[in-house]
Amino acid sequence: MLSDIKHTVVPLPWQSEHWQQLHDRINQDILPHALLLRGVQGTGKGQFALAFGQRLLCSNPVGNVACGKCKSCLLIKAGSHPDFKIVEPESKGKAIKIDQIRDVVDFGSKRAQFGGYRVVIIAPAEAMNVNASNALLKSLEEPGAKTIMLLVSHQVSGILATIKSRCQSLDFPLPSHQQSVQWLNTVVSDPEKANLLMSVAGGAPLRALDMEQQEWLADRQNIIRSWVGVLSGRSNPVVVAEQWAKYPLSDLLTWLQAWQIDLGKVVSGADASVLNQDLMASFKEMAIICSHNKVFDFYNYLLELGSMASSSTNPNPQLLLEQMLIRWAGTK
Ligand SMILES: [Zn+2]
C-alpha cells in the first residue's frame, strides 16, 4: 500500500522522461488537474505518483525531487499533510468506496492550507465501485484551484469512460530487461538472482522486488513441485488448494500461465526458448504425461480464471483453486 511508505521517494530510472515532462509543465504552469498513470502492474506507477505528489508539496525541492526535510515533506512522511491525500482500498483486492471519494470531494472544495498545490492519489483507480466513480466525476468536472489528482491504474478497462476522458494519460511501459536487472541488482547485489527474478516477474521490476522481499523464489519451487505432483497423481488437489490459498491469487495465476507457456515449448521440443530455465526438470517431467492439447486447453482455462479473479470483487480463492487443481489432475 502506498500509504505505508513513510519516506521521501524519487522516480525510478526508467521514469526520467515522464518526470522531466511534468516538471516542464510545472514551470510553465500548465499542469493538468487530473492525470491517469497507466500500465502493467509492477513498473512503479504508484511510486512515481507518490514522488510527484511529494515534489509538488515540497517547499524546497532539490534537483527536481522533494527535499525530505522541509515541513511539508515531514508532514507527508508522518501521514498528516493537510493538502495531501492517498485513497486506496482498505485491504488489497477490495473496492474503494463512496465514502472515501466523498472525502476527496470535500477535500477538493477547500483551499490549500499551505497555499500551494493540493494532491490526491487514487490507487488503483479501477478499484472504485460505480457509486464512488460517479462521485469522483463531480470533482473532475469542477476541480479546485491547484488541485492535482493522480489516478494510478493497471487495468484501465475497469475505469468509467467519463472519468478517463477527463484525465490526461501517461503510459508506463515495462522498462527494458537490462535496465530492470541493473536497477534490481543495486538492491539484491546478485546479478544472477536479479536476472532470474526479472524473468519470473514477467519483466515488471517492482513485482520482482516484491517477490524477493517475500522470499517467493523458495515458494516457487514448492509450488511447481505441487503442480507436478497433482498432475502425476502424487498430490491431492484439495490439500494443495488449501496450501496455496495463502498466496495472492493473481500472482499464482500469472505464474501458472507463464509455466504453461514454457511447458508447451518443452512438449514441442523448443527447450531453448523456455523462460523459466531453472524449472526445466519439472517441465520435462510434466511433458512426459501431458499432451499438447491439454497444455493449451489448460492455458486458455487459466486465462479465463485470471479475468474472473480480477473482475470479481470477492472470489473464493480456495474454492477456485480446488476446481482448477481437480481439473489439472484430470484427463491427460
Ligand atoms: Zn521538502
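Being touching a residue at least 40 places away in the same chain (Cβ under 8 Å) and more than 16 Å from the ligand (Cβ to nearest atom) is the filter; apply it to region 67-103 and report the residue that is nearest to Leu35 (Cα to Cα). Out of the qualifying residues, it is Ile86. Filtered by the rule that a residue be within 16 Å of the ligand (Cβ to nearest atom), crowded, with 17+ Cβ neighbours inside 10 Å and part of a loop (DSSP other than H, G, I, E, B), region 40-66 gives Cys58, Pro61, Ala66. The lone criterion from (1) at pLDDT below 95; (2) closer than 15 Å to Tyr117 by Cβ; (3) buried (at least 16 other Cβ atoms within 10 Å of the Cβ) left unmet by Val10 is number (2). The set of residues in region 175-201 that are assigned to a loop (DSSP other than H, G, I, E, B) and surrounded by 17 or more Cβ atoms within 10 Å (Cβ to Cβ) comprises Pro175, Ala201. Among the residues making up region 1-39, those that are away from the ligand (no atom under 16 Å from the Cβ), at negative phi, in a loop (DSSP other than H, G, I, E, B) and not aliphatic (A, V, I, L, M) are Pro32, His33.
May I ask you to verify whether Ile101 is over 19 Å from Val10 (Cα atoms) and β-branched (Val, Ile, Thr)? Taking the combined requirement at face value, the residue satisfies it.
Could you tell me whether Leu12 is under 22 Å from the mean Cα position of the chain (by Cα), within 16 Å of Leu151 (Cβ to Cβ) and outside the structural domain of Ser310 (by TED's automatic domain parsing)?
No.
If Ala272 satisfies every condition in (1) among the small types (Gly, Ala, Ser); (2) over 21 Å from Asn195 (Cα atoms); (3) assigned to a helix (DSSP H, G or I) but one, which is the exception? For Ala272, the exception is condition (2).
Picking from Ala66, Ala49, Ala112, Ala78, which residue would you name as being among the aliphatic types (A, V, I, L, M), outside the structural domain of Ser199 (by TED's automatic domain parsing), touching a Pro at 6+ places or on another chain (Cβ under 9 Å) and on the phi < 0 side of the Ramachandran plot? Answer to the selection: Ala112.
Assessment of region 222-238 against the conditions (surrounded by 17 or more Cβ atoms within 10 Å (Cβ to Cβ), in a helix (DSSP H, G or I) and under 20 Å from the mean Cα position of the chain (by Cα)) yields no matching residue.
The set of residues in region 95-110 being within 17 Å of Ser80 (Cα to Cα) and surrounded by fewer than 17 Cβ atoms within 10 Å (Cβ to Cβ) consists of Asp103, Asp106, Lys110.
The values are calculated or read from the model by the stated rules, or taken from the named source; none is laboratory data. Only a predicted model underlies this, so the values are computations on that prediction, with no experimental measurement involved. Methodologically, a virtual Cβ is constructed for each residue, glycine included, from the backbone with ideal geometry; neighbour enumeration extends over all protein chains shown.
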